[in-house]
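Remarks on the structure that follows.
The values are calculated or read from the model by the stated rules, or taken from the named source; none is laboratory data. Fair warning: this is a prediction, and the values are worked out from it, not measured in the lab. Cβ sites come from the backbone with ideal geometry, for glycine too, and all protein chains shown count toward neighbours. In case anyone asks, the SASA skips ligands and DNA or RNA and just uses the protein heavy atoms, side chains included. Shrake-Rupley method; radii C 1.70, N 1.55, O 1.52, S 1.80 Å.
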Amino acid sequence: MSKTITIDGLAVPFQEGQTIMDAALASGVYIPHLCHNPEFKPHGSCKLCTVNVNGRNVASCTMPAVEGQQVLSDIAELNADRLALTQMLFVEGNHLCPACEKTGNCQLQAVAYYLGMMSPHYNHFYPQREADASHPDVMLDRNRCIYCELCVRASREVDGKNVFGLSGRGIKTLLVVNSASGLLGDTDLAVTDKAAHVCPTGAILIKRHGYAVPIGQRVFDHITIKDVQTGGGDE
Amino acid sequence: MSENKVRIATCSLAGCFGCHMSLLDIDERLFGLIELVEFDRSPLTDIKRCGPCDIGIVEGGVCNAENVHVLKEFRKNCKVLVAIGACAINGGVPAMRNNIDLWDCFQEVYCYEGGLECGQIPNDPELPLPFDKVHPISEVVKVDYFLPGCPPSGDAIWKFLTDLLNGREPKLDYEMLHFD
Ligand code: SF4
Ligand code: SF4
Ligand code: FES
């Protein structure tokens, strides 16, 4: 007998050991998220997936599902918090979508669309961040990094390489690479590595693929991230 | 000119005029629009100073002292101020210079081979004082509405304007909401 929780009044089954996010994704229920990807261990940093469980706000990607939990997710109050968090991500980096190759395929942008973000609202930081074009096949542009650690986890858990890491704390956090020179070109990253392909934003891009699909025909130009990540939206 | 028409003003600050081009992309619906509105300051009228208006539409970010003057005049005169396009909303493509020293920028544009002025950086008192960073207009004045896109499509502008003119809260369909 599988156990169940309810999410926004809907009964959602789960297996022992699954998180609320795991259970939701398996049932096609969308909870906005950026640092989570079911292929990797949860990181719990972006807080976009925050839900209300029995009256308390928790990150659904790290919270184990427990029989009988009453979960609220798609409610105005939480969506407003998610919008504010997304806006903060936009102003903390340098996100100039019209000049970004990833536009239309970017999860940060797609979440912003889903939440109806019309402007970043907060004053921009315009931080000074370095781009690194030293690798022959992979481009690293820290201006667009949201510190989700997906590349870090992919490199460690799948590629067995530890190419990427986060250093520093808070607003001083920096995405670093594991080479004496600090340059991506001097690491053992291969273009076929998982880490080169998991970035939800345009911070890690494969070179020479830029505009293979024209703007306007990209994934999130027509389909919401909710429908992409839950396989819905066909009706 | 009718007394009860809605008065609209538009201007371009640090932008490429693409948002104004997109405004023209509402095509024959412009005839319907002109029944409802009249234009004050705008590239369409070539009026240089903004007078009292109902809606001000601002394209482009703030990159120099003149932009600030124009923007403040708009804010003073317009009941509702709309930031249209990526540049007005977050600096857009011009803000790509924010991480480059202004002097280096000028040298690249005017001094190096292939540059515009062959070794001379323009220095005329008529030229507005450039800022070292390009800013969204919301960092200078209060903005009432934001219409993103680079540029927003003619359809998005039409939907937005007709919502506003009909007293509805402007709302874009999913495919009209774009940051690029
Ligand atoms: S990474 Fe995404 S949000 Fe950032 S500039 Fe590129 S498309 Fe825009
Ligand atoms: S480079 Fe991409 S995958 Fe890595 S931490 Fe930054 S945003 Fe996440
Ligand atoms: S997806 Fe749960 S905190 Fe980022």
Rounded to the nearest 500, the 222 nm mean residue ellipticity computed for chain A from DSSP H runs (n ≥ 4, each -39500 (n - 2.57)) alone is -5000 deg cm²/dmol
Helix B:154-165 sits off the longest principal axis of the Cα atoms of chain B, rounded to the nearest 10 on a 0 to 90 degree scale, by 60 degrees
Using a probe radius of 1.4 Å on heavy atoms only, what accessible surface per residue do you get for chain A? Whole Å² is fine.
46 Å²
For segment A:130-235, which whole percent of the accessible surface, found with a 1.4 angstrom probe, sits on carbon and sulfur atoms?
52 percent
Expressed as an acute angle from 0 to 90° and rounded to the nearest 10, what is the orientation of the C-alpha long axis of helix B:65-77 relative to the principal long axis of chain B?
20 degrees
Quick check: the distance between the Cα centres of segment A:141-200 and segment B:1-52, to the nearest angstrom?
48 Å
Could you tell me the relative contact order of chain B? Use alpha-carbon pairs under 8 Å, at least six residues apart, and round to a whole percent.
25 percent
Which angle between 0 and 90 degrees, to the nearest 10, do you get for helix A:76-92 versus the longest principal axis of chain A when only C-alpha atoms count?
10 degrees
Length released on extending from B:His69 to B:Ile121, taking residue separation times 0.36 nm less the Cα-Cα span
16.3 nm
Hull shadow area, averaged, segment B:1-112 [alpha-carbon convex hull, nm²]
8.1 nm²
Taking all protein chains together and a probe of 1.4 Å, list A:Asp159, A:Asp8, A:Asp74 from the most accessible to the least accessible.
A:Asp74, A:Asp8, A:Asp159
Based on the Cα atoms of the protein assembly as shown, what semi-axes does the equivalent ellipsoid have, where each is the square root of 5 times one gyration tensor eigenvalue, given in whole Å with the largest first?
40, 30, 17
Could I have the simple spin-label model distance between B:Phe31 and B:Asp132, label points 7 Å from Cα toward Cβ, reported in nm to one decimal?
5.4 nm
Which of A:Ser45, A:Ser119, A:Ser134 fluctuates most in a GNM of chain A (C-alpha springs under 10 Å)? That residue is A:Ser119
Just to be sure I follow: if Rg is taken over the C-alpha atoms of segment A:1-109 and Rh is the Kirkwood radius over the same atoms, what is Rg/Rh?
1.02
Report the Cα-based extents of segment B:124-180 along its three principal axes, largest first, to the nearest Å.
45, 24, 19
Using only protein heavy atoms and a 1.4 Å probe, how much accessible area in total is buried between A and B, to the nearest 100 Å²?
2300 Å²
Heavy atoms only, probe 1.4 Å: what % of the accessible area of chain B goes to carbon and sulfur, would you let me know?
56 percent
Cα coordinate range in segment A:98-228, projected on the principal axes (Å, largest first):
42, 33, 26
For A:Lys207, what accessible area in Å² do you get when you roll a 1.4 Å probe over the heavy atoms of the protein chains, rounding to the nearest 10?
50 Å²
At 1.002 mPa s and 20 °C, Stokes D of segment A:73-151 from Kirkwood alpha-carbon radius, µm² per second
155 µm²/s
Rg over Rh [alpha-carbon atoms, Kirkwood Rh] for chain A
0.97
Convex hull volume per residue in cubic angstrom - Cα atoms of segment B:27-172:
137 Å³
Can you tell me which of A:Arg142, A:Arg153, A:Arg56 moves the most in a GNM of chain A? Springs connect C-alpha atoms under 10 Å apart.
A:Arg56
Could you sort out which of A:Lys41/A:Lys194; B:Lys79/B:Lys159; A:Lys47/B:Lys142 sit more than 22 Å apart by Cα distance in this structure?
A:Lys47/B:Lys142
So how do A:Tyr30, B:Tyr112, B:Tyr145, A:Tyr122 rank on accessible area, 1.4 Å probe, biggest first, that is with the largest at the start?
B:Tyr112, A:Tyr122, B:Tyr145, A:Tyr30
